[in-house]
Amino acid sequence: MRFVKTYWLEMLMVLPLFAYIIGFTLLPILSNLKESFVDQRFGRRYDILASKRADITYDIAHAPDNEEQRAYEKELAETTRALERLQHSPYAGVSLSNYHKLFTDRSFVKAMFNTLAITLLGLSLQFVVAMSIALVLSQPFRGKGFFRTIVLTPLGIPTIVSATIMTYIFDTSGYLNEVLSRLGLLGEVPIDWAQGGWLSIGMVVFADTWKVLPLMVLLFIAGLEAIPHSVHEASQIDGSPPIYKFFTVTLPLMKPYITMALILRAIDAFRIFELPLILAGTATTPLISTFTYSEYARQNYNLSAASGTILMGIILIFVFTYLYIVARDRETNA
Amino acid sequence: MPKKLLQPLPLYLSLAVVSLIILYPIFLMVKISASYPADIMKPHKDLLWGPAGITLEHWRNVFTSGLLVPSLFKSLLVATLVMLLAILIAAPAAYVIARLGSPFKYLCIIALFLSRTFPEVAIALPVSVVFLHWDLLDTSFGLILAHLIKVLPYVGWILIGTFEAIPLSLEEASSVDGASKIRTLRKVIFPLSLPGVAVAAMLVWLESWNEFTYALYLTVSDNTLPLQTYYYLNRGGIFNSAAYATIITLPVIVLTFILQRYITSGMLAGGVK
Amino acid sequence: MHHMVRATLGLLLSSLAMVTCSSGETLSIAASLGENEWKVMREHVFPPFEARENCRIRAVNIEAGDTLKKLEVMHRANRMSIDLVLLDNMNLAPYVEKRLLLDLTKYQALIDPEVDASLVQPLTFHGQLMFFPGRPNVQITYYNTDVFNGTTQTIPETWDALLEVAKQLKAAYKVGKVAVHGTLDGNTTAQVFEFITAAGGKITTFNDAGSIKAFTFLQQLYPYLSPETKKANWNTTNKFLSEDTLFLARNWPVGMQVIVQQNQKTNIKAYATWAGPAGRATMIGGDVIAITKRSSNQELALKFAGYFMSREMQTLLVTELGWPPIRSDALGSVPEWQQGFFKAIMEALRYGHYRPAIMGWSAVEKYVNLAFKDIVIDGRDVQTTLDTYARDLQEELDWLK
């Protein structure tokens, strides 16, 4: 009770956020998790029969006359019996068949590789470029505000639009190939950027970085400017080269912002979906997220749930590993 | 960092290259919205502008279709309200979480971003069913609630980082001076967190402005701007959607130009202590 | 006594319903149409009906790929705000499966005898009529007349000619200039269906002689196809044709609006299709009329369905939009620039085949795309791959029956 008394303000502050999140995201995720452990064949049939039963019940309640009502009741009895038979089929109960199917699927394994490659490559590229730009922007120079606005513009473009513009750039008769051929770098055959492999991974990484860079730059700028000037002044006194100062003073102080930016980006990067779909197509560059989507579109909800869970698992492993390294780092430095 | 690090020539050169790479796709978008089809639909593209010149035909189509203003208004309304609500809900919670002890804090953080690790398509459907049950179909309110789902973990996460970066010593100093908890929040924490809050607010606004999946489920007749763009794009109406896209991007450019100055001045107030 | 009260009440309610229906009700119609098509709807199709029935029509555009999801969400939340849907017939089974639609068996009389009976037959699921025919649609082969001018190249009429053309174009331009829809989704399935049927195969059997011939041919053809095949769907194909990335490709008639009208490429024309070992075959797509189960305006919706299928309306759709009609007495003249395309469409319809109206079409789609990837793109052995997938497909189809 005393806890509540002292911390009433804090609890009030936290409540809305958590109520919302638990209600609207954790619950659906948990139900998806549950779905993933249901055999797809069972799940599909069960869905059909269960919704049929719910629907008939509704119809019975709204039946205009006795005869229709009896017809519905007969249907309901049939459906209930079918459901019972289903429960006794060999596919009922908790099953790992979805996961087994996914991990033995050649194209899913390729999808996992592609997802990891795109994310890790993308993160590294985005970190380096965003940090450089943020550093530059934290210095005063003429045209700074102008340049800052330029850097932030891609943020405002909806993903579908930027994806489409990117197809105009990366098509075989697109603008990039045009630039390359005018520079004389292209042979007779234009480059097929969507052919799969590292070329397509690079294309997706570039397109994604373009869209996402402003966000990271913003976060890094906020981080840089949160470093009190007193620290800057102190470090300038001892006269060591600026690069050294960057790595020993600035970077460590920015750690919370960097951690936050990287993890935030990683979560979205692992889930990247519209961009590769439109730019490369699933034929050559499958990703876990496109896999999840196509299975969902085919009403294979259990398989889709399993695929989504695997992705979530990968993200969690990545994040925890990263946090662990950061926490351990902090302990050794403290 | 000393100014000597940045020599003017290499600095401006690299800035120019980066700016070119960033701006060219946007230039393409604007170009397509004002070009004759014959200039775009050909195997060897013009890098700058096609021979036929500029046409305002597509813009005229967009403005006379009668669909622009309602969707613009709806997107604007929803985005702004989402931004305000998100900060209101997330900021206090983020502050508390940032000050929590080690295991608890990480637990909260995990719970927060867990909701963003799952593919959207699997979550959007059940959520939309609930919303429709509450008669929120085609209402801006429903869309606002849906966007909050997407955005709250995100903004909470950023704000936790912001509050974490404010040293505890400042708070302690304030309470030693005799200030109550609420007073400390107002006088010490609030000003220092402003840059982070500003960044978070802007990102929330943009995310809601661009949002698309929930809009797809929760709207029937009143489209949002991205949805409208999607319809044109889906049918190969590249010229109309380029015009729409340019309209979508304009307020963003204006907004960022305003807000980026605010970040700087806000920082100067808090940093010099 | 109880029954009499009930009956009177029922009579009262239904007459009340009829009264309210014909005085200021709103009928909500959803369809997936382009802007010019909506214009015709709003200017020519809706107003006479609104005047006749004294109601208002609220028209909503829902893209074909999104319709199932949206209807399902509304149905589950019990907030169905759409009464009638002009549905793309690509995959009708899920709508039936999820019980979203009204059983139309007892309203069969709404279909006039002039309506082509073969259009109605695939609309029956489990013995119940679930849809009315709306308009048939079929893919046509677009070609670039600058290249296919009779001297440089002639349009291929057989598979062998198609292979030859693809080879020659690739040799001349160093990249393939012909494409099929290779996006590994419903688009691919539709075109593979055409190849299989043109070889005498059955897509649900999957490893019969015809299917093997079809996949073998596609495997031979693929290396000479454009690299954009993997991005070519019903939408992007139009772009590729317009910018001369492709000189020959099959696509839906909607292409003529985009390619000729919007992109102003008057040098692109179309013909019906090429012939496989078993003759020419096309897949009949198009739109069907469905009425939602939980709609509050079923009477009005049924009336509109009858109206849409009437001779006046079907003739109007022909003359204003160049849509092929569902009935034999809807004759009209198409706008001039569309005439060549319309001729190709009507001819292609003559070779039209329906996809089987089975519950497990999404399973067929999955295996067709898997086979396409393995055989056509990756070059695996045709027979063994098809045998494996045929077996799996059969298993899944049996389960879903």
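The values are calculated or read from the model by the stated rules, or taken from the named source; none is laboratory data. Given the structure is predicted, the values throughout are model-derived calculations rather than measurements. Cβ sites come from the backbone with ideal geometry, for glycine too, and all protein chains shown count toward neighbours.
Scan segment C:278-299 and tell me whether some residue there is assigned to a helix (DSSP H, G or I) and either among the charged types (D, E, K, R) or without any contact (Cβ under 8 Å) to a residue 24 or more places away in the chain (or both).
Yes; the residues of segment C:278-299 include at least one that is assigned to a helix (DSSP H, G or I) and either among the charged types (D, E, K, R) or without any contact (Cβ under 8 Å) to a residue 24 or more places away in the chain (or both).
Report every pair of residues separated by at least 6 positions or lying on different chains whose Cβ atoms are under 6 Å apart, first residue within segment A:225-252 and assigned to a loop (DSSP other than H, G, I, E, B), second modelled with pLDDT under 70.
Filtered contacts from segment A:225-252: A:Pro228/B:Gly271.
For segment C:213-232, which positions are within 14 Å of chain A (Cβ to nearest Cβ), of a type in the set (A, V, I, L, M) and surrounded by 24 or more Cβ atoms within 10 Å (Cβ to Cβ)?
Of everything in segment C:213-232, those that are within 14 Å of chain A (Cβ to nearest Cβ), of a type in the set (A, V, I, L, M) and surrounded by 24 or more Cβ atoms within 10 Å (Cβ to Cβ) turn out to be C:Leu225, C:Ala232.
Taking the criterion of being out of contact with any helix residue (DSSP H, G or I) (no Cβ under 6 Å at 6 or more places or on another chain), at pLDDT 85 or above and of a type in the set (A, V, I, L, M, F, W, C), would at least one residue in segment B:98-109 satisfy it?
No, the conditions are met nowhere in segment B:98-109.
All but one of (1) within 25 Å of the chain's Cα centre (by Cα); (2) more than 8 Å from chain B (Cβ to nearest Cβ) hold for A:Ile160; which doesn't?
So A:Ile160 meets the others, but not (2).
Would segment B:109-125 turn up any residue that is among the basic types (Lys, Arg), assigned by TED's automatic domain parsing to the domain that holds B:Leu216 and outside any helix (DSSP H, G or I)?
Checking segment B:109-125: at least one residue is among the basic types (Lys, Arg), assigned by TED's automatic domain parsing to the domain that holds B:Leu216 and outside any helix (DSSP H, G or I).
Taking only segment C:270-301 into account, find how many residues are of a type outside the set (Val, Ile, Thr) and in contact with a Phe, Trp or Tyr (Cβ under 6 Å, 6 or more places away or on another chain).
Final tally of qualifying residues: 6.
Out of all the residues in segment A:93-109, which are surrounded by 14 or more Cβ atoms within 10 Å (Cβ to Cβ) and out of contact with any Asp or Glu (no Cβ under 8 Å at 6 or more places or on another chain)?
A:Tyr99, A:Lys101, A:Leu102, A:Asp105, A:Ser107, A:Phe108 - these are the residues of segment A:93-109 that are surrounded by 14 or more Cβ atoms within 10 Å (Cβ to Cβ) and out of contact with any Asp or Glu (no Cβ under 8 Å at 6 or more places or on another chain).
Quick check on segment A:137-156: of everything there that is within 7 Å of chain B (Cβ to nearest Cβ) and of a type in the set (A, V, I, L, M, F, W, C), which residue is nearest to the chain's Cα centre (by Cα)?
A:Leu155
Any residue at all in segment A:87-96 that is within 32 Å of the chain's Cα centre (by Cα) and in a helix (DSSP H, G or I)?
Within segment A:87-96 (the criterion being within 32 Å of the chain's Cα centre (by Cα) and in a helix (DSSP H, G or I)), the answer is no, since none of the residues qualifies.
I'm checking my understanding of the structure. Among residues of segment A:284-326 that are among the aromatic types (Phe, Trp, Tyr) and within 14 Å of chain C (Cβ to nearest Cβ), which one is surrounded by the most Cβ atoms within 10 Å (Cβ to Cβ)?
Restricting to residues being among the aromatic types (Phe, Trp, Tyr) and within 14 Å of chain C (Cβ to nearest Cβ), the top hit is A:Phe291.
Considering only residues of segment B:103-152 that are closer than 11 Å to A:Thr25 by Cα and of a type in the set (Gly, Ala, Ser), which is surrounded by the fewest Cβ atoms within 10 Å (Cβ to Cβ)?
Here the answer is B:Ala111.
Where in segment A:1-84 are there helices (runs of 4 or more DSSP H), lying fully within it, with 3 or more residues that are crowded, with 18+ Cβ neighbours inside 10 Å and not acidic (Asp, Glu)?
Output list reads A:8-21, A:27-36, A:40-61.
In segment C:120-141, which residues are of a type in the set (A, V, I, L, M) and under 16 Å from the mean Cα position of the chain (by Cα)?
C:Val120, C:Leu123, C:Val138, C:Ile140
Does segment C:191-212 contain any residue that is under 23 Å from A:Ala194 (Cβ atoms), more than 9 Å from every other protein chain (Cβ to nearest Cβ) and modelled with pLDDT of 90 or more?
Within segment C:191-212, one or more residues are under 23 Å from A:Ala194 (Cβ atoms), more than 9 Å from every other protein chain (Cβ to nearest Cβ) and modelled with pLDDT of 90 or more.
A quick yes/no check of all residues on (1) out of contact with any Phe, Trp or Tyr (no Cβ under 8 Å at 6 or more places or on another chain); (2) not β-branched (Val, Ile, Thr):
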| site | (1), (2) |
| --- | --- |
| C:Ala172 | yes, yes |
| C:Phe195 | no, yes |
| C:Thr205 | yes, no |
| C:Thr229 | no, no |
| C:Asn235 | yes, yes |
| C:Asn238 | yes, yes |
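Pull up segment C:68-109, narrow it to residues that are more than 14 Å from chain B (Cβ to nearest Cβ) and among the hydroxyl-bearing types (Ser, Thr, Tyr), then point me to the one that is nearest to C:Ile29 (Cα to Cα).
Looking at residues that are more than 14 Å from chain B (Cβ to nearest Cβ) and among the hydroxyl-bearing types (Ser, Thr, Tyr), I get C:Tyr95.
Among the numbered criteria (1) in contact with a Ser or Thr (Cβ under 9 Å, 6 or more places away or on another chain); (2) not in a helix (DSSP H, G or I), which one does C:Phe372 miss?
Going through (1) in contact with a Ser or Thr (Cβ under 9 Å, 6 or more places away or on another chain); (2) not in a helix (DSSP H, G or I) one by one, C:Phe372 breaks only (2).
Restricting attention to segment B:204-245, report how many residues are more than 19 Å from B:Leu28 (Cβ to Cβ), at the interface with another protein chain (Cβ under 7 Å from one of its Cβ atoms) and either in contact with a helix residue (DSSP H, G or I) (Cβ under 8 Å, 6 or more places away or on another chain) or without any contact (Cβ under 8 Å) to a residue 60 or more places away in the chain (or both).
Count: 8.
Say whether the condition of being buried (at least 19 other Cβ atoms within 10 Å of the Cβ), more than 12 Å from chain A (Cβ to nearest Cβ), assigned to a helix (DSSP H, G or I) and touching a Leu at 6+ places or on another chain (Cβ under 6 Å) is met by at least one residue in segment B:56-65.
yes
Within segment B:95-107, track down each residue that is of a type in the set (A, V, I, L, M, F, W, C), facing chain A (nearest Cβ under 8 Å) and in contact (Cβ under 8 Å) with a residue 40 or more places away in the chain.
Answer for segment B:95-107, where residues must be of a type in the set (A, V, I, L, M, F, W, C), facing chain A (nearest Cβ under 8 Å) and in contact (Cβ under 8 Å) with a residue 40 or more places away in the chain: just B:Ile97.
Residues of segment B:19-38 being small (Gly, Ala, Ser) and touching a Ser or Thr at 6+ places or on another chain (Cβ under 7 Å), which ones?
Within segment B:19-38, B:Ser33, B:Ala34, B:Ser35 qualify.
May I ask you to verify whether A:Thr164 is in a helix (DSSP H, G or I), assigned by TED's automatic domain parsing to the domain that holds A:Thr285 and closer than 19 Å to A:Trp198 by Cβ?
Against the criterion (in a helix (DSSP H, G or I), assigned by TED's automatic domain parsing to the domain that holds A:Thr285 and closer than 19 Å to A:Trp198 by Cβ), A:Thr164 does not qualify.
Yes or no, residue by residue, for (1) outside the structural domain of A:Pro214 (by TED's automatic domain parsing); (2) within 22 Å of A:Arg298 (Cβ to Cβ):
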position	(1), (2)
A:Val38	yes, yes
A:Arg44	yes, yes
A:Ala71	yes, no
A:Lys74	yes, no
A:Thr79	yes, no
A:His88	yes, no
A:Phe108	no, yes
A:Gly122	no, no
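Tally time: how many residues in segment A:216-271 are of a type in the set (Val, Ile, Thr) and at pLDDT 75 or above?
Of the residues in that region, 9 qualify.
Filter segment C:75-98 down to the residues that are at pLDDT below 85 and over 18 Å from the mean Cα position of the chain (by Cα) and list them by number.
Within segment C:75-98, C:Arg76, C:Ala77, C:Asn78, C:Arg79, C:Glu97, C:Lys98 qualify.
Restricting segment C:377-401 to residues that are of a type in the set (Val, Ile, Thr) and more than 10 Å from chain A (Cβ to nearest Cβ), which is farthest from C:Lys213 (Cα to Cα)?
Once the filter is applied, the top-ranked residue is C:Thr388.
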